[in-house]
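Chemist: This structure is in structure tokens; I'll ask about it shortly.
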Amino acid sequence: MVAAVIDGGNLTDAFERLLASHPGWPDAVRGAVRDLAWTTLREYGRGDAVLAQLVHTPPPVEIRALLLVALQRLWQKPEQAHTVVDQAVEAAVASMPGLKGMVNGVLRNALRRQGQWQEWIEADPGARHACPPWWQARLRAAHPQDWQAVLEAGRQRPPMALRVNPRRSTVADALAELEAAGASARVLENGALLLAQPRAVARLPGYAEGRLSVQDAGAQWAARLLQAEAGMRVLDACAAPGGKTAHVLEGADVDLLALELDPLRAGRIERNLARLGLAATVRVADCRRLESWWDGRPFERILADVPCSASGVVRRHPDIKWLRRDTDIARFAAQQAEILDALWRVLAPGGTMLYVTCSVFDQENAGQIARFCARHADAERLPIDGRTELQLLPNAEHDGFYFARLRKAP
């Protein structure tokens, strides 16, 4: 999986391919494999900073990935050094037997020089914060007081939060069920349930029956801020995988259209809604091409959860730090502007559009909304708890999200 990301691939896709090729793996093995890959990639750059001092001829991608995973394991479990080295050599024999001696030598040399690792890491700006320098510069500009905390949060395992389906359960009942199953949780300000310890979805009481969903606590602000009411016509313009779509439908009997560009991801929306006993019209369409999907009737509420850098969710998707480039942010911002301008045309006068990203970069967030309001004189910002916008930074309770509410003049 790490090799796939180094080659430019998507980590989640690589994981799903791996699981498909090993259908008999028990949950413990699946979890261990996932943890090795995700943790290695969360620590972006650290392993490379060490390898740069130990390997003078770049090895094949598979061997580089193997060494990165082994080094990460040595950081995590130094008491298992002998086992880690032996297993790494075994893995090399399985894939490239001619390089087993190189793997053995590099890792044993790394252990002998373990006292120098931190010095090597500190000398490399990308390794020091496990993040590319351009990413750090953007964070410092957008969040001068908090940028280091955001970087540190991106290196941690993410929290796990649940959303209760009020059509099938209550918060009190869900808490009691979880407690009975040995899963402690507490209720956050927006009604999300934060688990004390993550657990497999299959072990969540009520999940299969549609009483619970897994959704980050920060993402659960979206439906509350949209404030859709019974009878309204609602558009979820970039809807997959459908968590926010479902949350809106759980809270009000609305006429909801969910759009998604990718047919496979659109299928996930329908499956999520079916599990929860909810109904919406799901269409495969580009929300910017109105002629391909709009029937001419305006929407009173629009949820614009737009494609973005995903810089607020890197601990869940650590491959992003490997794969993104500084120039990508301008590309995302341009796409977001196109989406906003198109959706504004289908919003009813007096209606509200909620703009959402899972980014912490200003160009996609506050800067984007400022530019939009400058283009549209009929756009009015609606306050969020007395502020013009809501920027959530990743912490122990939630991921990073940005929200802005825009009302169209009557």
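The values are calculated or read from the model by the stated rules, or taken from the named source; none is laboratory data. This structure is a prediction, so every number in the text was calculated from the model and none was measured. Using ideal geometry, Cβ is built from the backbone for each residue, glycine included, and neighbour counts are taken over all protein chains shown. In case anyone asks, the SASA skips ligands and DNA or RNA and just uses the protein heavy atoms, side chains included. Shrake-Rupley method; radii C 1.70, N 1.55, O 1.52, S 1.80 Å.
Chemist: With respect to Gly105, is the statement that it is open to solvent by 70 Å² or more (accessible area, probe 1.4 Å) and either at negative phi or in a loop (DSSP other than H, G, I, E, B) (or both) true?
Modeler: The answer is no for Gly105.
Chemist: Check Val360 against each of (1) open to solvent by 20 Å² or more (accessible area, probe 1.4 Å); (2) outside any helix (DSSP H, G or I); (3) in contact with a strand residue (DSSP E or B) (Cβ under 8 Å, 6 or more places away or on another chain) and name the one condition it does not meet.
Modeler: (1)
Chemist: Only one residue in Leu139, Leu178, Leu111 is more than 22 Å from Val313 (Cβ to Cβ), in contact (Cβ under 8 Å) with a residue 12 or more places away in the chain and either crowded, with 21+ Cβ neighbours inside 10 Å or β-branched (Val, Ile, Thr) (or both), so which one is that?
Modeler: Leu178
Chemist: Here's something else I'd like to know. How many residues, within the range 147-168, are farther than 17 Å from Ile320 by Cβ and surrounded by fewer than 17 Cβ atoms within 10 Å (Cβ to Cβ)?
Modeler: 5
Chemist: If a residue must be surrounded by 13 or more Cβ atoms within 10 Å (Cβ to Cβ), modelled with pLDDT of 95 or more and within 28 Å of Asp35 (Cβ to Cβ), how many such residues does the range 188-210 contain?
Modeler: Residues flagged as surrounded by 13 or more Cβ atoms within 10 Å (Cβ to Cβ), modelled with pLDDT of 95 or more and within 28 Å of Asp35 (Cβ to Cβ) within the range 188-210 amount to 9.
Chemist: Which of the residues belonging to the range 255-287 are among the β-branched types (Val, Ile, Thr) and either without any contact (Cβ under 8 Å) to a residue 12 or more places away in the chain or open to solvent by 20 Å² or more (accessible area, probe 1.4 Å) (or both)?
Modeler: Of everything in the range 255-287, those that are among the β-branched types (Val, Ile, Thr) and either without any contact (Cβ under 8 Å) to a residue 12 or more places away in the chain or open to solvent by 20 Å² or more (accessible area, probe 1.4 Å) (or both) turn out to be Thr281, Val282, Val284.
Chemist: Go through the range 321-364 residue by residue and tally those that are in contact with a Gly (Cβ under 7 Å, 6 or more places away or on another chain), within 20 Å of Leu303 (Cα to Cα) and hydrophobic (A, V, I, L, M, F, W, C).
Modeler: Residues in the range 321-364 being in contact with a Gly (Cβ under 7 Å, 6 or more places away or on another chain), within 20 Å of Leu303 (Cα to Cα) and hydrophobic (A, V, I, L, M, F, W, C): 2 in total.
Chemist: Shifting gears a bit: Going through the range 382-410 one residue at a time, which ones are of a type outside the set (Phe, Trp, Tyr) and touching a Cys at 6+ places or on another chain (Cβ under 7 Å)?
Modeler: Asp399, Gly400
Chemist: Run Met353 past the list (1) open to solvent by 40 Å² or more (accessible area, probe 1.4 Å); (2) of a type outside the set (Gly, Ala, Ser); (3) without any contact (Cβ under 8 Å) to a residue 60 or more places away in the chain and report the number of the one that doesn't hold.
Modeler: (1)
Chemist: Tell me, yes or no, whether the range 31-44 has at least one residue that is of a type outside the set (Phe, Trp, Tyr), loosely packed, with under 15 Cβ neighbours inside 10 Å and free of Cβ contacts under 8 Å to residues at least 40 places away in the same chain.
Modeler: yes
Chemist: Here's a follow-up. How many residues does the range 252-269 contain that are of a type in the set (A, V, I, L, M, F, W, C) and either modelled with pLDDT under 95 or outside any strand (DSSP E or B) (or both)?
Modeler: Counting residues in the range 252-269 that are of a type in the set (A, V, I, L, M, F, W, C) and either modelled with pLDDT under 95 or outside any strand (DSSP E or B) (or both) gives 6.
Chemist: Separate question: Would you check if there is a residue in the range 333-350 being out of contact with any Pro (no Cβ under 7 Å at 6 or more places or on another chain), in a strand (DSSP E or B) and within 30 Å of Leu393 (Cα to Cα)?
Modeler: Scanning the range 333-350 turns up no residue that is out of contact with any Pro (no Cβ under 7 Å at 6 or more places or on another chain), in a strand (DSSP E or B) and within 30 Å of Leu393 (Cα to Cα).
Chemist: Return yes or no: is Val214 in contact (Cβ under 8 Å) with a residue 12 or more places away in the chain, out of contact with any Asp or Glu (no Cβ under 9 Å at 6 or more places or on another chain), of a type in the set (A, V, I, L, M) and open to solvent by 10 Å² or more (accessible area, probe 1.4 Å)?
Modeler: Taking the combined requirement at face value, the residue satisfies it.
Chemist: Do we have any residue at all in the range 90-101 that's of a type outside the set (Gly, Ala, Ser), under 16 Å from Val55 (Cα atoms), open to solvent by 10 Å² or more (accessible area, probe 1.4 Å) and more than 26 Å from the chain's Cα centre (by Cα)?
Modeler: yes
Chemist: Further, regarding this structure: Scan the range 10-30 for residues that are in a loop (DSSP other than H, G, I, E, B) and touching a residue at least 40 places away in the same chain (Cβ under 8 Å) and jot them down.
Modeler: Correct list: Asn10 only.
Chemist: Within the range 310-347, how many residues are open to solvent by less than 50 Å² (accessible area, probe 1.4 Å), on the phi < 0 side of the Ramachandran plot, in contact (Cβ under 8 Å) with a residue 40 or more places away in the chain and not charged (D, E, K, R)?
Modeler: Residues in the range 310-347 being open to solvent by less than 50 Å² (accessible area, probe 1.4 Å), on the phi < 0 side of the Ramachandran plot, in contact (Cβ under 8 Å) with a residue 40 or more places away in the chain and not charged (D, E, K, R): 13 in total.
Chemist: Related question: Filter the range 226-247 for residues that are open to solvent by 10 Å² or more (accessible area, probe 1.4 Å) and under 20 Å from the mean Cα position of the chain (by Cα); which is nearest to Leu340 (Cα to Cα)?
Modeler: For the range 226-247, the residue satisfying everything is Cys238.
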